[in-house]
Each structure stands twice: as C-alpha cells, then as structure tokens.
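The values are calculated or read from the model by the stated rules, or taken from the named source; none is laboratory data. Computed from a predicted model, the values in this text were never measured in an experiment. Note: ideal-geometry Cβ built from the backbone for every residue, glycine included; neighbour counts use all protein chains shown. Heads up: the accessible areas ignore ligands, DNA and RNA and are worked out on the full protein's heavy atoms, side chains in. Shrake-Rupley method; radii C 1.70, N 1.55, O 1.52, S 1.80 Å.
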Amino acid sequence: MATVWRSQCAFARLLIGKIAQNPNNSPDLCTKLFQGPISVTSRNYSNYANSPFIERIKEQYEYDIIKNPPEWAYVERLLPFDTIPVVTPKENYPSGWIPPREEAVHLPYFVSRTKNHELPIYLNITYRGMRKITKIKKIEGDIWLLNDTLKAHLKETAGKYVETRVHELGKFIEVKGDYVNVIRNWAHSKGF
Amino acid sequence: MGSRQITEKSLSILRSLPRISVGNIRDNPGSKVTQKRGRGQHGGDKHGAGNKGSGQRQNYMRLGYETGNNPFYLRMPQEPYYRGHHHRREYPPLSLLQLQSLIDTDRIDVSLPVDLASIIKSGLYNFYPEQKQFGINLTDEGADIFAAKINIEVQWASEQVIAAVERNGGVITTAYYDPHSLFLLKNPKHFFKTGAAIPRRMIPPPDVIEYYTSAETRGYLADPEKISQERLKLSQKYGYELPQVENDSFYEMLCERKDPRQIFYGLEPGWVVNLKDKCILKPTDKELLRFYSS
Amino acid sequence: MTSVLINAFKRLNLSIRPQVKVISSSYSTAVTTANSLNVTQKEWKYPPLYTKPREVWIENLDTVEEKKLGLFELHPSVYAAMPRIDIIHRNFVWQTKYRWVSWAHTKTRAEVRGGGRKPWPQKGLGRARHGSIRSPLWRGGGVAHGPRSGKTHFFMLPFHLRIHGLTSMLSAKLAQDDLHVVNNLELPTDESNYLADLIENRNWGPSVLIIDDTDIAPRNITVATDSLPHVNIMPVYGLNVYSMLKHDTLVLTLAAAERIEERILHHLNAITTEQQREFKLSQV
C-alpha cells in the first residue's frame, strides 16, 4: 500500500515538474493546472519533499468575449492576401521596377507580366554553365513578328547573329546566349 | 490582326477539327521514354557498365578516400569553422533593395509598422523557423536607392542599414523572437485557427542580450533616450540631416512598438482570436493576467 | 529548312484568316436580328489585357426551340486560353490513375501449395538441380515478379497543370461550339422526352454535361435527366477535365460560368505556394 501511495505522489510531482517548465508556453496546459499553492506561473521547487500536493484542478478560466473589437484591424493585417495586390501608380519606383505602359496593348505582339508584376524573362543555365538560354514566356499575339523584331534588335546590340527558337504552342521564345538584360530593356522600351 | 495571334490561331484551327474527346487526345510525342534494356547490338553485352569492378558493382569508394593515401581532407590541420553550426542561430538575409521592391509593388504597406509577419505575408521571403532561422538580417545592398519612410522591426541589422533607414525619416528596431513565436509569425492564420491563446514572447538568450539591449544596434530592450542620442550620432557620422520624427504626419505609426512580451502588433499575450465569429477572448482571471503580464 | 517551315506556317495563317471573318460577320448579323437583347459588359477584377473577351449567347431551356436572351462576356484567360492537348491528356491520365487500385494478383513460389521438399537429390542423377517443384522455372510453379494486389497508382498532378487543364478544356469546348450558357435550369415539364427533344433540336451532342453553381438542381431537370444516362448534372466544384472530355456538350448556367471564371482567375492571381508544395497523403 505504501508503495502505491509513493508512486502516486511521484506521478503528481512529475506533472508539476512538467508544468513548471511550461515548455511551449501554451495556455492549453492551463486548463489542466491547479489552483491554490500550485500556480500557472512557473515555479521550481527545490525537491519533492517541499512541493505541495494537488488541491483543486481549475477547469475553466474567466474570459471576456468581445464581438467586433477595435483590435480586429490588427488581426486583419496579419491574414494572408486573398490575391496578389495590384500595384498602385506611384511617381517613381526607387527599386527600378517599371510599370507596364498602356500603349503596349496596341502592338501586334504582347508580353504579359507575371502575377508578381515582373517581366517573364528568364535565364536557363545548363551543362555546368556551358549553355545559357534566355527564355521569354507569356507571349501573345504575333509571335513570329516578335521573333523577327527581337532578332534584328539583338543583332544590332550584340553585333552578331543570335539564334532563337519559337515555340508557338508554349507561347515562348528561347534565345541562345545570356541576353536577359538586353531583352528586358527592349521589353521595357516597348512598354511591356 | 486575327489569326496571326497564336492563341486565336490555335483556337480557330480547333474549330475545323473533330471534337476533342477521350479517343483523340495524346501527350506530346517523346514526352515519355520507357527505359528498356537493349539486347545484342542494341546496347547489349555490358549495358554501359564496363568490364568488372566499380562500374558493374556500384561499390564506389567513400567520398574523399584516396585508395590508401592520407586523404586530402585530413592532410591539413583542423579548421573548425563549422563546429556547432547546427546550434547556431541563422538570420536569412533580406536586402534593402528587395525590401524597396516589395514596397514599390505594394506587397508591404508602409503606412503600417513593418515586422517579420508582414514581410513573410508578402510571399517573396522564404523563412523556415524549423531550420534554426531566427528572423531577418536586413543587409545593405541597395542602401543608396532606399527611399521609404518605414517603421521596421528586424532581427539583425548592420550600421549602414540603420543609417539608410533613418536617413529617410524611418525607424528601425532589432528584436528577438523565440522559435515558438516565429512559427506564429510565419502563419498567424493557422495559429488563430487552432484556438490557442497568444503566448508570451520569450526573452533573448544570454549571448544576444547585449545586442538587443544596446542602443547602437537599436535593440528593443535598449533605453529610448540612448537610442535618440545614437540616432543623432549616426547621422553625424554618415553626414545626413536627421529628419524630425516628432513633426511627422506619420508620428503615431513611427512610434508604434511591440512590448518585449508581445508577438503581434496590437494583440496582447493571453488573448484568443476567433476568426469565424470575429471576436477576441480576453482573459479576466487574476492568475492568467499575472502570468501573461510577464 | 526552318525558313521553309516558317513560310508554311505563315501561309497557313493567311488561309485561316477569311474563315474567322466569316464567323464574326455571322455574329454581327445575328445581333441585328435579335430585338430585346441585353449585352452585359462585365467589370473584372483582372481585366483582360491583350486578348479580347469572348462573347456567348445566353440561351434558354424553357422552350425546345432556342431563344437568344442576350450576350454574355467570358474572360479570355479562362475561356480563350491556349488549348494544350497534351495538358488535357495529362489531366485525363491523372484522373484515371489516381483512383485506380490494381487488384491483379499472382502467387509467389512461397504461396503456391506444396513444394517444400527437394524433388530429387542434388547430385548423382544426371538431372538438373532443383530445390522445389514450385520454383518459377517449373510448370505450375510460382510467378516471379508478378503483379501483387492492392497496388495504387495514385499521384498528384502539379497544381498549375490542373488549372491549365481546366482552362484548356473550357477554351477547346468554347472554340468547338460545344459550350453553351443558359440563364437557368428551369424546365416546364419533368418529362425526359422534352429534354431529349431539346437536345436533338439544338444539335447538342447526345451526351450533355450540365453545370450549376449550387448543389441542388430544380426538380424538373433532375427528374428529366434521371432516365437519360448521357445527360448529367454537376455542381461547379465537381467540374473536371475527364467529365468534360466524356460529354459532347457542356452547358453552364450563367452563375456557374461566372463562378468558374472567378475561381480560376483567383488561382491565376494568388500566392499559390501552399498548393504548389509537394503533395503528402497526410495533408488531407
């Protein structure tokens, strides 16, 4: 009988010890806590003999329930975006981001922005840096005319013939070589 | 224009073709390659594995083993740069240029104080608290072009970054969050859905107490008087005129700070947020109040 | 070689151009003949930039003869996307495979009855050495590497391929005149003959998929379609590539068309890192 009593005491102290550490600070634990000498606030007892026994377990704590509180604005700002926000027009963009222009829609070809409002121009590096391919995605309209214009522009700026590959169904053009900045500047000049 | 447009063209071709059904669709030719073992002259014999040895048996020597030589990686004395790396805190960088582009594309609202939660919310900053990442290290790339007046709270910042933010009339604070609160900051909606009360923020560990209490680094535990002195000092060092925060139209926003025990702006520890009924549960119990008041 | 191909493509374009014009002119004549016509100009959250919105007739179901009630605009990024047959096919394969559990089963040498005893001694008989009469080499023996039952073929198609599959399929249906928009699903009778006549009269394919934005369809149409196995009703959230492929004609209600548009546009413009993450069975 005595051993059973001792083991029960040990179990209770183990519980107290766990709560005293309060590992993740969660108040869920509080519902299982005890009132009286044993408090929610962490308290480490130096040994088993000094630690008090469980008196009463408090099941429920008192709460004020406030409907539509003024603090709800603080909650709302934490919630994720429904969709990616549309950029409001500003006077200048210090980061170097350039907004698309209206008149680009009237061109026979069009490169639409990504949903992150960036130009879909990417560099693919393969064969350990031996092959670099610039890819222009999300092309609409006359892709062949865009290809001709782009090729002429690249020949002018790079000073040599540049190979391209047109994928009509995939709506992209691949350019052999790293021409990301050249093409990005060209796209900005067209207003895409 | 009409049919020169690639989408219009393919849709108009489709008009004159039979109806798309289960019987006439297929994947692109060559999209699936079934691996086959060739026989005889079609890649048979050794199947590319070579004659005998490691090629056939896949018994590659362990990395760095030099068939009995004293290996290269053991030839020089030990240089323990990475000792205890798995215990170290990591602060993934965010440059001022990136921050400025987030602001330019309206991913971050600068009319509100900016903290870790709002930067993660933008969706363009990868943050993994489970990988011992402890918050943002704001780096000085793009310090020259940075032109936003913000009240920002980061976890680590250099002197140049502090100068770049304060030159534009902004306010910067460095603050520590324990891993548990970082998880809450990463996904507040997920936490609110659990229905648990907002916990307290823990105090920083001993090795960074100095960083977060010093006014030079704009620590959140530093004396505000000293911080304003340091702001002036830094402006004299870098040679810019310190804009007066007191006369600013955004004065209230710029003065907003979190309590050292607070995780979210405006929400105190101990509160339970109910997203469904749009209500907040605030504890009134004396014991809980004492616990959450730190 | 490439230039020859490109020229061929260019000639192809030119040959198609008049066809499109004919279609557009027939539309314009229809507009003039209709009297009480309401053209709804829509305010989109993400207005179409380059491609023009598609226009469809709003039709009715309360008479057998088709009445044009108005014109309705559809967003081009949903209803006039690039029709990628390969992506439609990948969606089809995914939908057939993710629910397929293969129950084909063979017995191994251990499971076939008998064969515990060595049939004859190892040496001295001049025969081949064997340890069991149920070895895979034997007639009536077990099967080596045969199919084992309960094999799932589950996999998850990447999120944006699923979205692109839906837009491709909807665009293809619209381009082939197999997509119809109706004002509502109210029928005058619950006779299935009426619906069959209507489908016959309007030259909709024999099989019709009707999509509404609510779970509960009106009584008449549910009773009428009950005995027609090739006419099916589905709520918006059940819309999928497989069903669209299986049915000849797709009939959307106005509300369903708008709801589909809204959901797909939302996914095309939202942060989708969560949905794009690698699928784990435990996440459901």
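Among the residues of the stretch A:153-160, are any buried (at least 17 other Cβ atoms within 10 Å of the Cβ), under 20 Å from A:R131 (Cα atoms) and at pLDDT 95 or above?
Yes, because at least one residue in the stretch A:153-160 is buried (at least 17 other Cβ atoms within 10 Å of the Cβ), under 20 Å from A:R131 (Cα atoms) and at pLDDT 95 or above.
If a residue must be open to solvent by 20 Å² or more (accessible area, probe 1.4 Å) and in contact with a Ser or Thr (Cβ under 8 Å, 6 or more places away or on another chain), how many such residues does the stretch C:224-239 contain?
8
Answer yes or no as to whether C:L161 is within 29 Å of C:D86 (Cβ to Cβ) and surrounded by 21 or more Cβ atoms within 10 Å (Cβ to Cβ). Lay out the reasoning, then the answer.
Working: within 29 Å of C:D86 (Cβ to Cβ): yes; surrounded by 21 or more Cβ atoms within 10 Å (Cβ to Cβ): no.
Judged against the criteria, C:L161 is not a match.
Of everything in the stretch B:243-271 that's of a type in the set (A, V, I, L, M) and not in a loop (DSSP other than H, G, I, E, B), which residue is nearest to B:I203 (Cα to Cα)?
Just the residues of the stretch B:243-271 that are of a type in the set (A, V, I, L, M), to begin with: B:245, B:253-254, B:263, B:267.
Adding the requirement that they be not in a loop (DSSP other than H, G, I, E, B) leaves B:253-254, B:267.
On the way: B:M253: 25, B:L254: 24, B:L267: 18 Å.
The residue in question is B:L267.
Just to be sure I understand the filter: pairs with C-beta atoms under 6 Å, separated by 6 or more residues or on different chains, first member in the stretch A:60-78 and of a type in the set (S, T, Y), second member outside any strand (DSSP E or B). Which pairs pass?
A:Y61/B:D285; A:Y61/B:L288; A:Y74/B:Y265; A:Y74/B:G266
If I filter the stretch B:98-115 for residues that are closer than 21 Å to B:D248 by Cβ, among the hydroxyl-bearing types (S, T, Y), surrounded by fewer than 18 Cβ atoms within 10 Å (Cβ to Cβ) and more than 13 Å from the chain's Cα centre (by Cα), do I get at least one hit?
yes
Go through the residues of the stretch C:181-192 one by one and say whether even a single one is surrounded by 14 or more Cβ atoms within 10 Å (Cβ to Cβ), in contact with a strand residue (DSSP E or B) (Cβ under 8 Å, 6 or more places away or on another chain) and within 30 Å of A:L169 (Cβ to Cβ).
There is at least one residue in the stretch C:181-192 that is surrounded by 14 or more Cβ atoms within 10 Å (Cβ to Cβ), in contact with a strand residue (DSSP E or B) (Cβ under 8 Å, 6 or more places away or on another chain) and within 30 Å of A:L169 (Cβ to Cβ).
Need the failing condition index for B:E241 against (1) open to solvent by less than 20 Å² (accessible area, probe 1.4 Å); (2) away from chain A (no Cβ under 13 Å); (3) in contact with a Ser or Thr (Cβ under 9 Å, 6 or more places away or on another chain); (4) not small (G, A, S), just the number.
(1)
Scan B:R290, B:R257 and give me the residue that is of a type in the set (K, R), facing chain A (nearest Cβ under 9 Å) and open to solvent by 40 Å² or more (accessible area, probe 1.4 Å).
After applying the criteria, what remains is B:R290.
What is the residue count in the stretch B:1-16 for residues that are assigned to a helix (DSSP H, G or I) and either more than 7 Å from chain C (Cβ to nearest Cβ) or modelled with pLDDT of 90 or more (or both)? Please lay out each step first, then the result.
First pass over the stretch B:1-16, keeping only residues assigned to a helix (DSSP H, G or I): B:2-4, B:6-15.
Checking the rest, the ones that are also either more than 7 Å from chain C (Cβ to nearest Cβ) or modelled with pLDDT of 90 or more (or both) come to B:6-15.
So the answer is 10.
Find the helices (runs of 4 or more DSSP H) located wholly in the stretch B:92-193 whose residues include 1 or more that are touching a strand residue (DSSP E or B) at 6+ places or on another chain (Cβ under 6 Å), and list them.
Correct list: B:159-167.
What residue, among those in the stretch C:62-84 that are in contact with a Phe, Trp or Tyr (Cβ under 7 Å, 6 or more places away or on another chain) and open to solvent by less than 20 Å² (accessible area, probe 1.4 Å), is nearest to C:I163 (Cα to Cα)?
C:H75
All but one of (1) part of a helix (DSSP H, G or I); (2) within 29 Å of C:H160 (Cα to Cα); (3) open to solvent by less than 30 Å² (accessible area, probe 1.4 Å) hold for A:F110, so report the exception by its number.
Checking A:F110 against (1) part of a helix (DSSP H, G or I); (2) within 29 Å of C:H160 (Cα to Cα); (3) open to solvent by less than 30 Å² (accessible area, probe 1.4 Å), the one that fails is (1).
Looking at C:R148, C:R139, C:R90, which is the one that is under 30 Å from C:L166 (Cβ atoms) and open to solvent by 60 Å² or more (accessible area, probe 1.4 Å)?
C:R90
Taking the condition of being more than 12 Å from every other protein chain (Cβ to nearest Cβ), in a loop (DSSP other than H, G, I, E, B) and farther than 23 Å from C:P206 by Cβ, how many residues in the stretch C:232-284 meet it?
Residues flagged as more than 12 Å from every other protein chain (Cβ to nearest Cβ), in a loop (DSSP other than H, G, I, E, B) and farther than 23 Å from C:P206 by Cβ within the stretch C:232-284 amount to 5.
Condition first: within 14 Å of chain A (Cβ to nearest Cβ) and touching a residue at least 12 places away in the same chain (Cβ under 8 Å). Can you find one or more residues in the stretch B:218-232 that meet it?
Looking through the stretch B:218-232, none of the residues is within 14 Å of chain A (Cβ to nearest Cβ) and touching a residue at least 12 places away in the same chain (Cβ under 8 Å).
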